[in-house]
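Q: Quick one: this structure, given as structure tokens, is what I'll be asking you about.
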Amino acid sequence: MLSVEGLRSAYGHIEVLHGIDLNVSSKEIVTVVGANGAGKTTLLKCLSGTQPSTGGDIRFRGDALTSVPAFKRLKRGLSQSPEGRQIFTNLSVEENLRLGAFLFTDERVDKDMEDAFQMFPILKEKRNLAAGGLSGGQQQMLAIARALMGRPHCLLLDEPSMGLAPLLVAQIFDVVKSLREREVTVLLVEQNAFGALKIADRGYVMETGRITLAGAAAELIADPRVREAYLGI
Amino acid sequence: MDALMQFIYSGLTVGAVYALVALGFTIIYNASDVVNFAQGEFVMLGGMITVFAFDAGLPLPLAALTAIVATAAIGVALNKFAIEPARGAPVVSLIIITIGASILIRGASQVIFDKQLHRLPAFSGDDPIHLLGATLLPQSLWVICGAFAIFIGLWLFFTRTLLGKAVLATANNRLAAQLVGINTGFVMTLSFALSAAIGALAGVLVTPITLVSYDVGVGLALKGFAAAMLGGMGNPKGALVGGLLLGLFEALTAGYISSQYKEAVAFVVILAVLFVMPQGLFGEKKTERV
Ligand SMILES: Nc1ncnc2c1ncn2[C@@H]1O[C@H](COP(=O)(O)OP(=O)(O)OP(=O)(O)O)[C@@H](O)[C@H]1O
Ligand SMILES: [Mg+2]
């Protein structure tokens with residue numbers, strides 16, 4: 001479904017992705033784990049088109065994506081819940097969700113919104129409040145729900161567990177796991193390697209702009225190198 | 001009593017013009033957080049182009065339409081050639097760019113048109129209407145109704161349409177707007193076209209009363225800005241109420257104190273708002289959590 005080959009990207013003259021190879025098949029949950037500053041966010045931004053790539057190829061459902069502007073990529077089926085949530089703070093929770101389905105005007109929009117409220121009941125309670133007033137965890141839920149409103153084939157999640165209390169982290173990971181039943185393909189980027197690998201089918205380990213390890217999630221959890229570097233075991 | 005009524009009518013008429021200018025500010029501000037100080041120039045262009053097209057023999061409605069379309073195109077050009085290339089610059093720099101653009105437009109108009117005062121015939125004649133002991137020009141009704149019509153249109157646009165929400169979303173978080181599929185470049189183009197068209201319409205409506213010359217834009221931008229501040233920047237309801245209130249303050253000051261102090265009213269309002277309630281009458285306090 002998604003394949004990345006030799007992807008490079010730079011901020012000014014400083015290259016931070018030095019040729020990333022990665023692929024995600026339909027209905028998989030794939031995770032990219034790595035420490036602070038490894039380039040995970042930059043990779044996702046290249047995929048969603050909000051950061052230019054300087055080399056390599058991105059193909060999604062058969063089409064080259066590199067030259068497609070960011071705002072057209074959701075129409076192709078690629079949705080992103082970005083780092084830092086990036087919700088519309090001045091708009092209400094409901095308006096945020098409605099805008100997630102900006103591309104659509106059919107009846108399914110209402111149904112999808114009900115689904116979102118079922119997934120995160122707290123959002124229904126706060127539907128008319130300004131999204132900027134939500135707690136960090138609620139904002140994260142809103143960011144994921146908004147990304148799902150766009151009816152993605154593939155959802156890119158950037159550190160959904162960041163800054164959340166352990167109980168909320170577990171809830172968010174449960175939701176990500178449940179996307180399997182909705183047949184949404186997931187590419188999950190995390191510093192919380194253990195949590196991410198536990199729910200993923202496959203994983204990649206990223207270090208300073210390079211993929212250093214790849215494999216089935218269960219194998220990676222068992223790998224001594226991963227255990228030492230990321231799981232603190 | 002009759003004198004008071006007369007002051008109220010004239011206050012509402014100029015207030016409606018300020019409201020139209022303030023409504024023009026609203027759209028660009030909502031899309032980009034930029035206060036476009038060239039908004040007064042759009043009003044001037046609306047009046048000037050209509051006058052010259054009308055004098056060239058076009059019927060008045062067609063002349064007005066030409067002016068509105070041409071001004072909208074100039075608004076789009078302003079965005080394309082001055083604002084868009086500076087994307088990413090701080091909002092203050094963008095505001096300074098709009099001030100530069102207003103000077104350029106004024107200079108160009110002086111050369112292309114002339115330095116004379118021009119007028120247009122009133123749309124529905126000049127016979128005053130007697131109402132509640134005072135008189136009102138039919139053209140004043142045109143201006144007041146125009147302001148209300150534009151207000152209702154904009155209010156519906158921002159609260160009821162998905163495109164209106166997309167404009168608000170673009171201002172709030174451009175990156176996220178792109179992620180949900182909004183073409184933010186188009187939103188900006190649309191905002192400048194709409195703002196400029198509303199400004200031009202104000203110019204068309206008011207020229208039969210106040211006349212127009214190449215330099216009327218500066219004062220109007222300032223008054224419109226004061227009105228928008230008073231009502232709360234970015235809120236169409238605020239723009240309308242702020243405009244009407246400012247017009248009334250001015251007319252009552254001129255009537256009961258001295259017309260010399262009239263021009264100071266806008267400055268007093270700006271200062272008072274900044275000190276007492278920076279978010280204006282209807283402005284929302286921005287809530288943000290990091
Ligand atoms: N806007 C930017 N300008 C310049 N350098 C940047 C910018 N954003 C990130 N970088 C640099 O690029 C590298 C990769 O950053 P990136 O944010 O992609 O890492 P990350 O893996 O997402 O980290 P984290 O887990 O902290 O989110 C880092 O060295 C970072 O300092
Ligand atoms: Mg990151």
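Yes/no per residue for (1) within 16 Å of ligand 2 (Cβ to nearest atom); (2) over 22 Å from residue A:200 (Cβ atoms):
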position	(1), (2)
A:2	no, no
A:8	no, yes
A:19	no, yes
A:24	no, no
A:33	yes, no
A:38	yes, no
A:44	yes, no
A:50	yes, yes
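Q: If a residue counts only when it is closer than 30 Å to residue B:8 by Cα, which helices (runs of 4 or more DSSP H) contained entirely in region B:28-144 have at least 2 such residues? Lay out the reasoning, then the answer.
A: On the way: elements: B:39-55, B:60-78, B:91-112.
Filter on region B:28-144 gives B:39-55, B:60-78.
Q: Would you say residue A:89 is away from ligand 1 (no atom under 16 Å from the Cβ), crowded, with 18+ Cβ neighbours inside 10 Å, within 14 Å of another protein chain (Cβ to nearest Cβ) and assigned to a loop (DSSP other than H, G, I, E, B)?
A: Details: away from ligand 1 (no atom under 16 Å from the Cβ): yes; crowded, with 18+ Cβ neighbours inside 10 Å: yes; within 14 Å of another protein chain (Cβ to nearest Cβ): yes; assigned to a loop (DSSP other than H, G, I, E, B): yes.
Considered against the rule, which asks whether it is away from ligand 1 (no atom under 16 Å from the Cβ), crowded, with 18+ Cβ neighbours inside 10 Å, within 14 Å of another protein chain (Cβ to nearest Cβ) and assigned to a loop (DSSP other than H, G, I, E, B), residue A:89 comes out as yes.
Q: Taking region A:113-168 only, how many residues are away from every other protein chain (no Cβ under 14 Å), within 16 Å of ligand 1 (Cβ to nearest atom) and of a type in the set (D, E, K, R)?
A: So the count comes out to 1.
Q: Let me ask something additional. Would you check if there is a residue in region A:92-104 being outside any helix (DSSP H, G or I), more than 8 Å from chain B (Cβ to nearest Cβ) and among the β-branched types (Val, Ile, Thr)?
A: Taking every residue of region A:92-104 in turn, none turns out to be outside any helix (DSSP H, G or I), more than 8 Å from chain B (Cβ to nearest Cβ) and among the β-branched types (Val, Ile, Thr).
Q: Sticking with this one: Any idea which residue in region A:15-71 is surrounded by the fewest Cβ atoms within 10 Å (Cβ to Cβ), counting only those that are within 14 Å of chain B (Cβ to nearest Cβ) and in a loop (DSSP other than H, G, I, E, B)?
A: Filtering first and then ranking leaves A:52.
Q: Tell me yes or no: at least one residue of region A:93-102 is within 29 Å of residue A:225 (Cβ to Cβ), open to solvent by 40 Å² or more (accessible area, probe 1.4 Å) and touching a residue at least 24 places away in the same chain (Cβ under 8 Å). Lay out the reasoning, then the answer.
A: Let us first name the residues in region A:93-102 that are within 29 Å of residue A:225 (Cβ to Cβ), namely none.
There is no residue in region A:93-102 that is within 29 Å of residue A:225 (Cβ to Cβ), open to solvent by 40 Å² or more (accessible area, probe 1.4 Å) and touching a residue at least 24 places away in the same chain (Cβ under 8 Å).
Q: Residue A:122 - would you say it is outside any helix (DSSP H, G or I) and among the β-branched types (Val, Ile, Thr)?
A: Working: outside any helix (DSSP H, G or I): no; among the β-branched types (Val, Ile, Thr): yes.
The answer is no for residue A:122.
Q: Taking residue A:156 as the residue in question, decide whether it is modelled with pLDDT of 95 or more and within 16 Å of ligand 2 (Cβ to nearest atom).
A: Numbers: modelled with pLDDT of 95 or more: yes; within 16 Å of ligand 2 (Cβ to nearest atom): yes.
Criteria met by residue A:156.
Q: Can you tell me how many residues within region B:151-183 are in a helix (DSSP H, G or I) and facing another protein chain (nearest Cβ under 7 Å)? It would help to see each step written out before you state the result.
A: Step one: of region B:151-183, the residues in a helix (DSSP H, G or I) are B:151-160, B:162-172, B:174-179.
Keeping just the survivors that are facing another protein chain (nearest Cβ under 7 Å) gives B:162, B:165-166, B:168-169, B:172, B:175-176, B:178-179.
Total meeting the criteria: 10.
Q: I've got another one for you. Could you tell me how many of the residues in region B:241-287 are over 22 Å from residue B:4 (Cβ atoms) and in contact (Cβ under 8 Å) with a residue 12 or more places away in the chain? Break it down stepwise before answering.
A: Quick first cut of region B:241-287, residues over 22 Å from residue B:4 (Cβ atoms) only: B:267, B:270-287.
Subset that is in contact (Cβ under 8 Å) with a residue 12 or more places away in the chain: B:267, B:270, B:273-274, B:279-284.
The number of residues fulfilling the criteria is 10.
Q: Can you tell me which residue among B:41, B:84 is over 22 Å from residue B:164 (Cα atoms), among the acidic types (Asp, Glu) and either open to solvent by less than 20 Å² (accessible area, probe 1.4 Å) or at pLDDT below 95 (or both)? Working first, answer last.
A: On the way: B:84 fails: over 22 Å from residue B:164 (Cα atoms).
Criteria check complete, one pass: B:41.
Q: Residues that are modelled with pLDDT of 90 or more, open to solvent by 70 Å² or more (accessible area, probe 1.4 Å) and not in a loop (DSSP other than H, G, I, E, B): does region B:226-244 have at least one?
A: Scanning region B:226-244, I find at least one residue that is modelled with pLDDT of 90 or more, open to solvent by 70 Å² or more (accessible area, probe 1.4 Å) and not in a loop (DSSP other than H, G, I, E, B), so the answer is yes.
Q: Next up: Can you go through A:74, A:43 and tell me which one is within 16 Å of ligand 1 (Cβ to nearest atom) and under 15 Å from the mean Cα position of the chain (by Cα)?
A: Values: A:74 fails: within 16 Å of ligand 1 (Cβ to nearest atom).
After applying the criteria, what remains is A:43.
Q: So which residues in region A:139-164 are among the polar types (S, T, N, Q) and within 10 Å of residue A:85 (Cα to Cα)? Walk me through it before giving the result.
A: Here is the first cut: in region A:139-164, the ones among the polar types (S, T, N, Q) are A:139-140, A:161.
A:139, A:140, listed by residue number.
Q: So if I check each of A:150, A:137, which one is open to solvent by less than 30 Å² (accessible area, probe 1.4 Å) and under 14 Å from the mean Cα position of the chain (by Cα)? I'd like the intermediate steps shown before the answer.
A: Working: A:137 fails: under 14 Å from the mean Cα position of the chain (by Cα).
Being open to solvent by less than 30 Å² (accessible area, probe 1.4 Å) and under 14 Å from the mean Cα position of the chain (by Cα) holds for just one of A:150, A:137, which is A:150.
Q: Can I ask one more? Among the residues of region A:134-144, how many are in contact with a Ser or Thr (Cβ under 9 Å, 6 or more places away or on another chain) and within 12 Å of residue A:176 (Cβ to Cβ)?
A: Of the residues in that region, 2 qualify.
Q: Does residue B:200 satisfy the condition of being buried (at least 24 other Cβ atoms within 10 Å of the Cβ) and within 14 Å of chain A (Cβ to nearest Cβ)?
A: Numbers: buried (at least 24 other Cβ atoms within 10 Å of the Cβ): yes; within 14 Å of chain A (Cβ to nearest Cβ): no.
No; evaluated as a whole, the condition is false for this residue.
Q: Also, I was wondering about something else. For residue A:12, all conditions in the list (1) open to solvent by 60 Å² or more (accessible area, probe 1.4 Å); (2) closer than 28 Å to residue A:216 by Cβ hold save one; what is the number of the exception?
A: (2)
Q: Quick one: what pairs do we get from region A:109-130, first residue within 19 Å of residue A:181 (Cα to Cα) and open to solvent by 40 Å² or more (accessible area, probe 1.4 Å), second not hydroxyl-bearing (Ser, Thr, Tyr) and not in a helix (DSSP H, G or I), C-beta under 9 Å, 6+ apart or different chains?
A: Going by the 9 Å Cβ cut-off, the qualifying pairs are A:115/A:182.
To keep it simple, each residue is scored yes or no on (1) out of contact with any strand residue (DSSP E or B) (no Cβ under 8 Å at 6 or more places or on another chain); (2) of a type in the set (A, V, I, L, M); (3) surrounded by fewer than 20 Cβ atoms within 10 Å (Cβ to Cβ).
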site: B:89; (1), (2), (3): yes, yes, yes
site: B:102; (1), (2), (3): yes, no, no
site: B:111; (1), (2), (3): yes, yes, yes
site: B:114; (1), (2), (3): yes, no, yes
site: B:128; (1), (2), (3): no, no, yes
site: B:133; (1), (2), (3): yes, no, yes
site: B:140; (1), (2), (3): yes, no, no
site: B:151; (1), (2), (3): yes, no, no
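The values are calculated or read from the model by the stated rules, or taken from the named source; none is laboratory data. Please read these numbers as outputs of a predicted model, since none were measured by experiment. Cβ atoms come from the backbone with ideal geometry, glycine included; neighbour counts cover every protein chain shown. Ligands, DNA and RNA are excluded from the accessible area calculation, which covers all protein heavy atoms including side chains. Shrake-Rupley method; radii C 1.70, N 1.55, O 1.52, S 1.80 Å.
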